[in-house]
1. Run the reach check for residue 159 against lysines, Cα to Cα strictly under 29 Å, same-chain hits fewer than 8 apart removed. What comes back?
2. Output ³J(HN,Hα) for segment 209-218: one whole-Hz value per residue in order, computed from phi by the Karplus curve 6.51 cos²θ - 1.76 cosθ + 1.60 with θ = phi - 60°, and x for Gly and Pro.
3. I'd like the Karplus ³J(HN,Hα) series for segment 46-62: coefficients 6.51, -1.76, 1.60, θ = phi - 60°, whole numbers in Hz, and an x wherever there's a Gly or Pro.
4. Can you tell which of 44, 197, 75 lies farthest toward the positive end of the dipole of the chain, using +1 and -1 charges on the Cβ of basic and acidic side chains (Lys, Arg; Asp, Glu)?
5. Taking the Kirkwood radius as the inverse of the mean 1/r across Cα pairs, report the Rg/Rh of the chain.
6. How big is the dipole moment of segment 53-157 about its Cα centre under a simple scheme where the beta carbon of each Lys and Arg is +1, that of each Asp and Glu is -1, and everything else is neutral? Debye, nearest 20, please.
7. Quick one: compute the contact order of the chain, relative version, from alpha carbon pairs under 8 angstrom and 6+ residues apart, as a percent.
8. Quick one: what does P(r) look like for segment 176-236 with 5 Å bins over all Cα pairs, in whole %?
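Readers should treat all values here as calculations from the given coordinates under stated rules, not as data from a laboratory. All values derive from a computational prediction rather than experimental measurement. As a convention, Cβ positions derive from the backbone with ideal geometry for all residues, glycine included, and neighbour counts pool all protein chains shown.
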Amino acid sequence: MEKQIQMAATLTKIVCVAAFLFSTTPLSAQQQIPKGATILMKVYPDFIKKYDNGYLVLADGTRLIYDDGKEKTFVQKLDDGDPEDMFAFKYDRTSWKPEYLQDAGRSRCEQLFKKMYGASEGEVRKHLISVPWFGEKVLFTTVNGAADSLRAVAAELAKHPELRSYLKSSGSFYWRKVRGAKRQSAHSYGMTIDIGVSKSDYWLWKNPGKGETDRIVYANRFPKALILIFEKHGFIWGGRWYHYDTMHFEFRPEILAANP
């Protein structure tokens, strides 16, 4: 009888220890939520409701796989990116010259972006409004507060007359594919604006004939103060890409949140 009591006591201890370990291991023994998924849920709460066993669960019930598990080349991460691939590159806010192939923001999960902003030109247009922009009006989406963020950028830039010569818009909403690629341009979603084309630099203009993985020469003529104002309000700058496009500003709060 004494032996049975000891065995029962030992078993009870084991059960208690196991229960303690399980309860104090936050997610590693249950479900580990990737950092990128956590960021996406935080910055896009109207659309991404939770993470469940490798999937982002969207507001309409769609289950979008976070990481498809495929080994991808640099170009494949751009052309066929899943949500995890959007965080594969570094958006370096401490340097003004991007590192080789660091193009944070150029990878966009099309399924996610079309769910948020619209899967066709017509769907995107339903959410566009005219935003005053230094004597012009530009079309911008209200989704995710992008238009409000652009207004905030304009209000702050208005306090800097020395930057005015860079602000002429050369395009915002335009439903199209990226030149030379099958993926949709960020301009298609109405959350991107190009400005100051006469003062801008683009990697192919400066490096004609170069490919996506070739070494290229960097160039930029935009002032730092202008960039920092856009970034303050949730926009990333194409000049921080290795494949730079200095006129390009894109509303991507998740990229900034991942690279504070």
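1. Of all the lysines, those that pass the test against residue 159 - Cα under 29 Å, at least 8 places apart if same chain - are 97, 137, 168, 199, 224, 232.
2. Per-residue couplings from phi come out as x, 7, x, 4, 10, 6, 6, 10, 8, 8 Hz.
3. Result, rounded to whole Hz: 6, 10, 10, 9, 6, 10, 9, 6, x, 10, 8, 9, 8, 4, 8, x, 4.
4. 197
5. Working: Rg = 23.1 Å, Rh = 20.4 Å.
Rounded to two decimals, Rg over Rh is 1.13.
6. On the way: 15 positive and 18 negative charges, 60 e Å.
Roughly 280 debye, rounded to the nearest 20.
7. Computed value for the chain: 16 percent relative contact order.
8. Spelled out per bin, shortest first, that is 4, 13, 17, 21, 25, 16, 3, 0.
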